Amino acid sequence: MSIIFKNACLLRQFINPNSLCLTQIRWSRYDVRSNYLEPTIDKKELHSPLSELDERRYRPIKAALDEHNTLLNYDPLIKRFTRHLMKKGNKNLARYVTEMALENVKIIQLKKYHKAETEEEKSRIELNPRKIFSQAVENCKPLLILQKVVRGGVMYEVPIPVMPNYQTYKAFYWLVEAAKEKERNTRIWDSLARELIDASNSEGKAVRKKIELHRTCEANRAYAHYRW
Amino acid sequence: MPRLTDIEFAKRVVSKFENYARRPAYRGIFRRDLLPKALNNTVSTKGRVSQEKPCISAISLMLVCLEKHDYIQSRCSTEIQQFNDCMKKFEAKKKAKQNVEEKGLLSGRGRIQPDRLNEFLSRYPQPRETPDQY
């Protein structure tokens with residue numbers, strides 16, 4: 001039973017035998033020693049001919065994920081966000097939450113658009129929820145982070161540059177954290193949509209958290225030369 | 001299905017306060033010097049912490065600008081751009097060094113780096129010793 005409770009995928013299969021369980025549960029199935037390459041998803045790259053010295057000719061390649069596709073609305077950032085939201089392998093629910101949030105963004109922006117009277121006001125309103133999402137994530141990315149360093153028995157918090165991968169993670173974390181601060185009867189996608197729109201205008205709780213971190217970085221600027 | 005607890009109890013009589021005392025440290029079998037000597041498939045990577053501190057002046061310039069303009073990033077776009085360019089340059093330099101290591105196996109000092117050595121050892125491990133050898 002413990003196996004079933006650990007993996008929501010298997011539990012869903014237990015309840016509904018028609019549902020498929022395709023998720024890789026744990027560990028990579030690709031051996032590190034055989035040097036697997038990542039699959040190519042870009043359509044242009046797939047159609048272009050391979051050169052003779054291309055690595056893809058002689059090295060094994062990983063299978064594409066089931067979420068990879070060549071559709072126009074394919075967005076790796078949103079895919080990553082769904083993975084960030086996911087709990088216990090229940091991607092179905094995570095996907096539903098993100099889609100509902102984006103839909104709510106669209107509805108809120110459309111309401112604003114129809115309320116606006118002049119053409120100038122209407123032209124300013126962004127209606128594409130995907131663009132709003134990427135803008136919101138961009139505005140929440142921190143420039144620096146703090147790392148704890150012990151020097152002579154005293155602990156200092158040293159501001160250091162961040163890798164882009166961690167920047168996006170931090171932005172996601174703050175956005176979700178801000179969306180979770182809500183009343184009990186409001187849904188997560190409603191609060192998330194509002195938070196996304198606020199963050200795209202560089203307002204709201206998530207952006208404020210980023211500014212707070214920058215402020216502490218400024219206070220600890222003197223320790224920047226300490227070794228990390 | 002047989003219960004393991006019954007089998008376990010059959011082997012020895014459990015006295016009342018057995019758990020109170022500490023077990024003797026019986027390490028005779030696992031002592032290293034008694035084991036047959038064999039080479040490991042890893043080397044230590046202890047001294048391999050990067051001690052470079054890139055773009056400190058760019059960081060301080062950026063923070064001063066941010067403080068001046070109430071932490072609004074759009075007003076300090078030039079400083080942020082400079083910082084990002086500096087970081088990109090540093091990353092490119094790091095990557096170039098890595099590429100040289102990968103191609104020629106050797107770093108500037110003329111030694112194989114431990115990370116690289118571990119990679120190779122995992123790909124081509126030491127041959128297993130047969131029991132006849134000892």
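Computed from the coordinates by the stated procedures, all read-outs in this text should not be read as laboratory data. Worth saying up front: this structure is predicted, and the values here are computed from it rather than measured. No Cβ is skipped: glycine too gets one built from the backbone with ideal geometry, and neighbour counts run over all protein chains shown.
For residue A:158, the residues whose modelled amide H falls within less than 5 Å of its own, excluding neighbours fewer than 5 places apart on the same chain, are A:147, A:148, A:149.
Under 1.5 on a/c is rounded, so check that first for the range A:103-228, then, if it is not, pick prolate when a/b is larger than b/c and oblate when it is not; a ≥ b ≥ c are the square roots of the alpha carbon gyration tensor eigenvalues.
Details: a/c = 3.26, a/b = 2.31, b/c = 1.41.
Judged from the Cα gyration tensor, the range A:103-228 comes out prolate (a/c at least 1.5, a/b above b/c).
Can you bin chain A into rounded, prolate or oblate? Criterion: square roots of the alpha carbon gyration tensor eigenvalues sorted a ≥ b ≥ c, rounded for a/c under 1.5, prolate for a/b above b/c, oblate for the rest. Since a/c stays below 1.5, the shape of chain A is classed as rounded. Annotation: amide H-H contacts under 5 Å for residue B:113 (H modelled 1.01 Å from N, sequence separation of 5 or more, or interchain): B:107.
Quickly rank B:74-80, A:146-152 as a protection proxy: mean count of other C-beta atoms within 10 Å, highest first. Please report the intermediate quantities before stating the final value.
On the way: B:74-80: 14.9, A:146-152: 11.0.
Result, highest mean first: B:74-80, A:146-152.
Straight-line reach from residue A:131: taking Cα to Cα under 17 Å and skipping same-chain neighbours fewer than 8 places apart, the aspartates and glutamates in range are A:75, A:99, A:103, A:195, A:198, A:203.
Over the whole of A:216-223, what's the average partner chain Cβ count within 10 Å per residue? Rounded to a whole number, please. Present the calculation step by step, with values, prior to reporting the outcome.
Details: counts 0, 5, 7, 2, 1, 7, 1, 0.
Going residue by residue through A:216-223 and averaging, the value is 3.
Extending 7 Å from the Cα toward the beta-carbon at both residue A:28 and residue B:67 defines two label points whose distance is 4.3 nm.
For the range A:35-115, the set of trypsin sites (Lys or Arg not before Pro) satisfying both a DSSP loop assignment and a count of at most 16 other C-beta atoms within 10 Å is given as A:62, A:87, A:88. Peptide B:112-123 has a mean of 1 when you count, residue by residue, the C-beta atoms of other protein chains within 10 Å of its C-beta. For chain A, what is the calculated [θ] at 222 nm in deg cm²/dmol (nearest 500), taking -39500 (n - 2.57) for each run of four or more DSSP H residues and dividing by its residue count? For chain A, the value works out to -16000 deg cm²/dmol.
The spacing between the range B:70-92 and the range A:36-52, judged by their C-alpha centroids, is 33 Å.
For the range A:131-148, putting each phi into the Karplus relation 6.51 cos²θ - 1.76 cosθ + 1.60 with θ = phi - 60° gives couplings of 5, 4, 4, 5, 5, 5, 5, 4, 6, 8, 6, x, 7, 9, 10, 9, 10, 7 Hz, in residue order, rounded to whole numbers and with x for Gly and Pro. Straight-line reach from residue B:46: taking Cα to Cα under 16 Å and skipping same-chain neighbours fewer than 8 places apart, the aspartates and glutamates in range are B:115, B:119. Starting from the Cα of residue B:89, draw a straight line to each of the aspartates and glutamates and keep only those under 18 Å, dropping any in the same chain fewer than 8 residues away. Answer for residue B:89, where 18 Å is the Cα cut-off: B:52, B:79, listed by chain and number. Pairs with C-alpha atoms separated by more than 22 Å, drawn from the list A:87/A:182; A:79/A:170; A:87/A:111; B:68/B:94; A:111/A:141, are A:87/A:111; B:68/B:94; A:111/A:141.
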